[in-house]
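Only one structure is covered here, and it is reproduced in the block below.
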Amino acid sequence: MDEWLIRKVEISEILEVGKIYCEEENIEITQGYVQSAKIAYEKMLSKGDFILGAFNDKKILGCISVHFLNDTYPGYANGCYVHIETVVIGKKYRGNGIATDLLREAIQIAKENNVTYCLIQTGDDNYPARRAFEKAGFKHYNVNYCLDLTTK
């Protein structure tokens, strides 16, 4: 795999980001989806949040969402924390260290912004993501539960 550049995604690149997400979820990308994604990303940017992308020339290989939160998180000291979510790497680019590089860049940006903690979540059975998180320095912490209210 050639080299890649890690940088913030521009609003004009949301279609390409959407293609990666939709490929991962096996859903069709529609004009409505793209328009909604642009609005959501504009809102993210207005709060200081962003999507980091790994680019090879103009092609996006993968991305992650970075959200800055100033709330108190149960089990943590008071202070600012970053919630990293939706780590997605294009299927043909996986296994090359792209996720690790994206995570490292997100961590560096968090440090530059005096963030206290970085939080990230994944499923127990998502071993590739867990390996990438651990490679970037994350430690397994806590157990999460979810209740699907649509089935009750």
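A compact table of results
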| quantity | calculated |
| --- | --- |
| Flag if LYS8 is within 26 Å of PRO128 (Cα to Cα), touching a residue at least 12 places away in the same chain (Cβ under 8 Å) and exposed (fewer than 15 other Cβ atoms within 10 Å of the Cβ) | yes |
| Condition met for GLY95 (out of contact with any Ser or Thr (no Cβ under 9 Å at 6 or more places or on another chain) and closer than 18 Å to ASN56 by Cβ) | yes |
| Number of the exception - LYS38 against (1) closer than 30 Å to THR116 by Cβ; (2) surrounded by 12 or more Cβ atoms within 10 Å (Cβ to Cβ) | (1) |
| Which numbered condition ASN56 fails, given (1) in contact with a strand residue (DSSP E or B) (Cβ under 6 Å, 6 or more places away or on another chain); (2) in contact (Cβ under 8 Å) with a residue 24 or more places away in the chain | (1) |
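This table checks each residue for (1) more than 16 Å from the chain's Cα centre (by Cα); (2) among the aliphatic types (A, V, I, L, M); (3) closer than 15 Å to ASP49 by Cα.
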{"position": "LYS111", "(1), (2), (3)": "yes, no, yes"}
{"position": "TYR117", "(1), (2), (3)": "no, no, no"}
{"position": "ASP124", "(1), (2), (3)": "yes, no, no"}
{"position": "ALA132", "(1), (2), (3)": "no, yes, no"}
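Coordinate-derived values only; no laboratory data. Computed from a predicted model, the values in this text were never measured in an experiment. Note that we place each Cβ from the backbone using ideal geometry, even for glycine, and neighbour counts take in every protein chain shown.
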